[in-house]
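**Q** Below are the structure tokens for one structure; questions will follow.
The values are calculated or read from the model by the stated rules, or taken from the named source; none is laboratory data. The model shown is predicted, which means the values in this text are computed figures rather than measured ones. Please note: Cβ atoms are built from the backbone with ideal geometry, for glycine as well, and neighbour counts cover all protein chains shown.
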Amino acid sequence: MIRWIVTDLDGTLVGRDLAMVPAAREALRRYRAAGGEVVIATGRMERSARPYYDELGLDGPAILYNGARTVNLATGEVLRSRHLPATAWKTLLGLFGELPAGVYPVAFSGGEALAVDDVPELRDYARRDGITLRDPGDWAALPPDGITKCMLIGDRLPDLDIAGTVTVRSEATYLEVLPEGATKGSALRELAKARGVPLEQVAAIGDNPNDIDMIQAAGLGIAVGDGHPDVLSAADVVSRPCAEGALVDAVELALGEGER
């Protein structure tokens, strides 16, 4: 019995046009009507994830910021919150002036997305996520112990190894720096334990490397058919591509209508 389907958004439930794939949406509605619960797990922040949450008619927890925060978007209740260590943020500040040309930082703090560069790459990111980037004026003005995550956006992303953090690639041009232990998988494990749902009764589906530990944590791990090769290797099952309704396969498996 699969009680939860935990789904990534971009490239899994949401297509390149930033709209929810109709077949996937209808499949999840059918799953919920049969008594299953849907949890979204995304790198997006509250404001960015909320339209998809509302479109599905959800009223429970959502895993956000790639696992740094878990929030009931219907009530605003914060169920889990992690921040970068102040020392890690200080290290990042020191690196900002040394980033390769064409790589730009975005920081998330207090429910806001912040950036000091006004460039096409960041404007495109903000448009894609449906958010507004606020210029803090001076990075050093932000609370050093209040940074939820930091993103580097660009084509020449550096390799980072900063104490107290973990890095994930959520897109080819997105490098996310998160608090150590703040991943989709760790957030899923904690949420399932708190709700008394055995992980064996959870299916998780995603397409990018930031989804791998979530897929491995779940009793049934599903990779989107046109996802990253590492995700396909890590999963128990490979579904159809995103644009064809990857969640249709997940729902059929969860309801016992498909073969693993």
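**Q** In the range 1-15, is there at least one residue being part of a loop (DSSP other than H, G, I, E, B), surrounded by 15 or more Cβ atoms within 10 Å (Cβ to Cβ) and polar (S, T, N, Q)?
**A** Yes, because at least one residue in the range 1-15 is part of a loop (DSSP other than H, G, I, E, B), surrounded by 15 or more Cβ atoms within 10 Å (Cβ to Cβ) and polar (S, T, N, Q).
**Q** Can you name the residue in the range 59-87 that is surrounded by fewer than 21 Cβ atoms within 10 Å (Cβ to Cβ) and of a type in the set (Gly, Ala, Ser) and, of all such residues, is nearest to residue 144 (Cα to Cα)?
**A** 86
**Q** Filter the range 16-51 down to residues that are more than 21 Å from residue 189 (Cα to Cα), touching a residue at least 24 places away in the same chain (Cβ under 8 Å), part of a helix (DSSP H, G or I) and aliphatic (A, V, I, L, M), then give me how many there are.
**A** Of the residues in the range 16-51, 4 are more than 21 Å from residue 189 (Cα to Cα), touching a residue at least 24 places away in the same chain (Cβ under 8 Å), part of a helix (DSSP H, G or I) and aliphatic (A, V, I, L, M).
**Q** Sticking with this structure for a sec: Under 7 Å by Cβ, and 6 or more places apart or on different chains, what pairs join a residue from the range 220-231 that is among the charged types (D, E, K, R) with one that is not in a loop (DSSP other than H, G, I, E, B)?
**A** 226/242; 230/209; 230/212
**Q** Take the residues in the range 72-99 that are small (Gly, Ala, Ser) and assigned to a loop (DSSP other than H, G, I, E, B); name whichever of them is modelled with the highest pLDDT.
**A** Among them, the one singled out is 74.
**Q** Has the range 168-179 got any residue that is in contact with a Lys or Arg (Cβ under 9 Å, 6 or more places away or on another chain), of a type outside the set (Lys, Arg) and at positive phi?
**A** For the range 168-179, residues in contact with a Lys or Arg (Cβ under 9 Å, 6 or more places away or on another chain), of a type outside the set (Lys, Arg) and at positive phi: absent.
**Q** Within the range 138-177, take every residue that is among the β-branched types (Val, Ile, Thr) and in a loop (DSSP other than H, G, I, E, B) and give me the one that is nearest to the chain's Cα centre (by Cα).
**A** Once the filter is applied, the top-ranked residue is 173.
**Q** So, in the range 193-207, exactly how many residues are surrounded by 15 or more Cβ atoms within 10 Å (Cβ to Cβ) and farther than 24 Å from residue 248 by Cβ?
**A** Number of matching residues: 0.
**Q** Inspect the range 178-200 for any residue being hydroxyl-bearing (Ser, Thr, Tyr), under 15 Å from the mean Cα position of the chain (by Cα) and either under 28 Å from residue 72 (Cβ atoms) or in a helix (DSSP H, G or I) (or both) and give the result as yes or no.
**A** yes
**Q** Moving to a separate point now. Which pairs do you get when a residue that is closer than 13 Å to residue 27 by Cβ, found in the range 234-260, comes within reach of a residue that is modelled with pLDDT under 95 and outside any helix (DSSP H, G or I), reach meaning Cβ atoms under 7 angstrom, with the pair 6+ apart or on two chains?
**A** Filtered contacts from the range 234-260: 249/258; 252/258; 253/260.
**Q** Looking at 196, 221, 227, which one is modelled with pLDDT of 95 or more, in the same structural domain as residue 43 (by TED's automatic domain parsing) and touching a helix residue (DSSP H, G or I) at 6+ places or on another chain (Cβ under 7 Å)?
**A** 221
**Q** Taking the criterion of being under 27 Å from residue 229 (Cβ atoms) and in contact (Cβ under 8 Å) with a residue 40 or more places away in the chain, would at least one residue in the range 140-149 satisfy it?
**A** yes
**Q** Separate question: Out of everything in the range 161-179 that is farther than 21 Å from residue 231 by Cβ and at pLDDT 95 or above, what residue ends up being surrounded by the most Cβ atoms within 10 Å (Cβ to Cβ)?
**A** Result: 165.
**Q** Being of a type in the set (Gly, Ala, Ser) and assigned to a loop (DSSP other than H, G, I, E, B) is the filter here; which residues of the range 52-71 pass it?
**A** 57, 60, 68, listed by residue number.
**Q** Take the conditions among the hydroxyl-bearing types (Ser, Thr, Tyr) and in the same structural domain as residue 190 (by TED's automatic domain parsing) and apply them to residue 91. Does it pass?
**A** Against the criterion (among the hydroxyl-bearing types (Ser, Thr, Tyr) and in the same structural domain as residue 190 (by TED's automatic domain parsing)), residue 91 does not qualify.
**Q** Just to be sure before I move on: is residue 185 under 30 Å from residue 86 (Cα atoms) and out of contact with any strand residue (DSSP E or B) (no Cβ under 7 Å at 6 or more places or on another chain) in the structure I sent?
**A** So residue 185 passes the test.
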